[in-house]
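These notes concern the structure reproduced below.
Nothing in this text is a laboratory measurement; each read-out follows from the coordinates by a stated rule. Model, not experiment: these values are computed from the prediction. Cβ atoms come from the backbone with ideal geometry, glycine included; neighbour counts cover every protein chain shown.
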Amino acid sequence: MTKQIVKRTVDMQIIGDWVEPGTRVLDLGCGSGVLLDYLMQTKQVSGIGVDLEFAKITACVRRGLAAYQGDMTSFMRSFPDKHFGRVICSRTVHELADPTAVIDEALRVGRFVTVGFVNHGFWKNRVNALLQGRKIKNEVYTTEWFESRPANPVSVADFEHFCTAKGIRIARRAHLAGDWHTPCHTLPNLFAGYALYDLAR
């Protein structure tokens, strides 16, 4: 099993523990549908995914998943308040042009919103940037700058400040060390490689 598969597995297990069985789930930036497929098999959720890339939507359809190609904010506007038991934004938030608008709308249509992201404040990221003066590349950020999408890196401290500033309640959180497997309980903004948050109004 590769490191990437192990990382994805731990991520999915934590999210799966937070998802109520049989609930309606909206997966924003669903990619090829791996997480949504996992939740449908393990929690019998009723799910739909949203992604901009046609190839990823096609992959979802091949898995037998319902998926929509297009803008996630516009798509959410077609649903009434609290239509979904949970909206998931896993490994997507740093790529959003307007994360505030997306999370606000997700909190409107979902009872809970799960957000997962790579922690830009991880200590190796800081050291690499300081010593190399280049785009960070390590076990947390695995690609070169020319292989990466445009992104707005976010840290644990950034995200918690965002929640405080916007009056968003953090129902629960999980921080993982740089291996994305071991729980991180101490100074997560420095020592966590990945973070997961469950949000509510």
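Miscellaneous remarks
- Legend: ranking of residues Asp179, Asp27 from fewest to most surrounding C-beta atoms inside 10 Å; resulting order Asp179, Asp27.
- Mean residue ellipticity at 222 nm, helices only, the chain: -11000 deg cm²/dmol; runs of at least 4 DSSP H residues each add -39,500 (n - 2.57), and the sum is divided by the number of residues.
- Contact order normalised by residue count of the stretch 93-201, Cα under 8 Å, 6+ apart, percent: 36 percent
- Shown for the chain: lysine pairs separated by 8 or more places, or found on different chains, whose C-alpha atoms are under 17 Å apart, numbering 4.
- Cleavage-rule hits (GluC sites (Glu not before Pro)) in the stretch 98-191: DSSP loop, at most 15 neighbouring Cβ within 10 angstrom: Glu139, Glu144
- Between the C-alpha center of the stretch 127-198 and that of the stretch 47-88 there is a gap of 25 Å.
- Antiparallel bridges, percent of DSSP beta bridges restricted to the chain (to nearest 5): 45 percent
- Backbone geometry of the stretch 100-110 corresponds, through the Karplus equation with coefficients 6.51, -1.76 and 1.60 at θ = phi - 60°, to 3J(HN,Hα) couplings of 4, 4, 5, 5, 4, 5, 5, 5, 6, 8, x Hz, x marking Gly and Pro.
- Fewest neighbouring Cβ atoms within 10 Å first, the residues Met76, Met40 line up as Met40, Met76.
- Cα-based helix-to-principal-axis angle, 156-166 vs the chain, degrees rounded to 10: 50 degrees
- Close amide H pairs (under 5 Å, H built 1.01 Å from N) link Phe112 with Arg86, Val87, residues at least 5 positions away or on another chain.
- Among the trypsin sites (Lys or Arg not before Pro) found in the stretch 14-104, those both in a DSSP coil and sparsely packed, with 11 or fewer other Cβ atoms within 10 Å of their Cβ, are Arg77.
- Remark: Tyr38, Tyr194 ranked as Tyr38, Tyr194, counting other beta-carbon atoms within 10 Å and listing the fewest first.
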